[in-house]
Amino acid sequence: MFIVLLRLSQNRAMSGAFLDSHKAWIQRGTEDGVFLLVGNLEPKLGGAILAHGVSLAELQSRVEADPFVEHGVVSAEILQVTAAKADERLRFLLP
């Protein structure tokens, strides 16, 4: 399981130019079953994604294809989490 942090950069003013393509990128990740949860980092710091079912290399490639990442609107950080315990509803995340 991975947590992807997309922190707004100094190019944040360019976000409007790439917002529709960024939303389409999120939609593809959700439809592919890779993105389980997508949300905002508050207060207006960027976004966060919970990803599952891919390798680190696959996720890195997917994140690099985000138009916000490509155009420097955000900087991306991928955190790999090896879950050890989970609520019943989230047991599918356990290795």
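Any read-out appearing in this document is the output of simple, stated calculations on the displayed coordinates, not a laboratory observation. Just so you know, these numbers come straight off a predicted model, no measurement behind them. Positions of Cβ are generated from backbone atoms using ideal geometry, with glycine treated the same way; all protein chains shown enter the neighbour counts.
Length gain on complete extension for the stretch His71 to Glu58, per 0.36 nm per residue less the alpha carbon to alpha carbon distance?
Details: separation 13, 0.36 × 13 = 4.68 nm, distance 2.00 nm.
Separation in residues times 0.36 nm, less the Cα-Cα distance, equals 2.7 nm.
What's the extension gain from Ile3 to Leu41 if we count 0.36 nm per residue and subtract their Cα-Cα distance? Kindly include the intermediate steps, with their values, before the conclusion.
Numbers: separation 38, 0.36 × 38 = 13.68 nm, distance 1.22 nm.
Gain on stretching Ile3 to Leu41: 12.5 nm.
Give, as a single signed number, the net charge of other residues whose beta carbon lies under 13 Å from the beta carbon of Arg7, with Lys and Arg counted +1 and Asp and Glu -1. Don't skip to the answer; put the middle values down first.
Details: positive: Arg12, Lys44; negative: Glu42, Asp66, Glu77.
Around Arg7, the charge tally is -1.
Mind ranking 66-72, 89-95 by how tightly packed they are, going by the mean number of other C-beta atoms within 10 angstrom, highest first?
Numbers: 66-72: 18.6, 89-95: 10.6.
Final packing ranking: 66-72, 89-95.
So what's the angle, to the nearest 10 degrees on a 0 to 90 scale, between helix 15-31 and the longest Cα principal axis of the chain?
That helix lies at roughly 20 degrees to the long axis.
Measure off 7 Å from each Cα along the Cα-to-Cβ vector at Arg28 and Arg12, then give the distance between these two points in nanometres to one decimal.
Simple spin-label model gives 2.6 nm for this pair.
For every helix of n ≥ 4 consecutive DSSP H residues, a contribution of -39,500 (n - 2.57) applies; sum these over the chain, divide by its total residues, and give [θ] at 222 nm rounded to the nearest 500 deg cm²/dmol.
Numbers: 3 runs with 30 residues, N = 95.
Mean residue ellipticity at 222 nm (helix-derived): -9500 deg cm²/dmol.
Computed from the coordinates I sent, Cα Rg over 2.2 N^0.38 Å equals one of (i) 1.27; (ii) 1.10; (iii) 1.50. Tell me the label.
(ii)
Using a Gaussian network model of the chain whose springs link C-alpha atoms within less than 10 Å, name the residue from Ala76, Ala13, Ala51 with the highest mean-square fluctuation.
Ala13
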